[in-house]
Structure formats: structure tokens, C-alpha cells
Amino acid sequence: MKKYVVFILNFILLYIVFQILSGLLLTALYSPNFSSINNNMSQEVAFGETSIIPFLGTILVATLAYFLSQKIVTSNNK
């Protein structure tokens, strides 16, 4: 069980680092299309909604991958 906890903690850490770095890269490389902007610009900023469901799905897939790989390794050692 200790191996699983270490695996999941490392996976979560790498997942968060990847998300931050990809966000920084996408933000740095973004160039807005000014030709499609109307003269009637509003001063409101709208951000998207966030959900924890994709993160939980990713953790579930990582858990399944870990246990399947452990099962394959133990079945090959017999």
C-alpha cells in the first residue's frame, strides 16, 4: 500500500506541474484576433467554470493503471 500512496502522490504532483506549465505556455503563445472585435466592447471579464470531475477521473485511471501493472508484474513472477 505504501507504493500506491507514493505513486499517487507523485502522479498528482506531476499532474499539477503539467497543468501549470501548459497554462503558462498557452497563455504566452496566445495571440488574440483583433479583427473580430466590435466597437461595442464590454468591460466584463468572464472566466470558465471549473470542475473537479476530470481530476478525479484522472486519479481513477492512474489507480487502475497502478493496480493492473502490479497484477501483471506479480503474474509474470509466478
Nearest-ten-degree value, helix 53-77 long axis tilted from longest Cα axis of the chain: 30 degrees
If I model a spin label at Leu9 and Ser35 as a point 7 Å from the Cα along the Cα→Cβ vector, what separation in nanometres do I get? 5.3 nm
Scan [x] 3, 12, 16, 20, 21, 14, 8, 4, 2, 1, 0; [y] 3, 10, 12, 17, 13, 11, 9, 7, 6, 5, 3, 2, 1, 1, 0; [z] 3, 16, 26, 22, 16, 9, 5, 2, 0, 0 for the value of P(r) over Cα pairs in 5 Å bins from 0, in percent calculated from this model and give just the label. [y]
Computed helical MRE - 222 nm, the chain, DSSP H runs ≥ 4 contributing -39500 (n - 2.57), nearest 500: -24000 deg cm²/dmol
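Residue separation times 0.36 nm, minus the C-alpha to C-alpha distance between Val17 and Thr74: what's the value?
Result: 17.4 nm gained on full extension.
Where a number appears in this text, it was derived from the coordinates with a stated rule and is not lab data. Predicted model, so just to flag it, every value in this text is computed and none were measured. We place every Cβ from the backbone using ideal geometry, glycine too, and count neighbours over all the protein chains shown.
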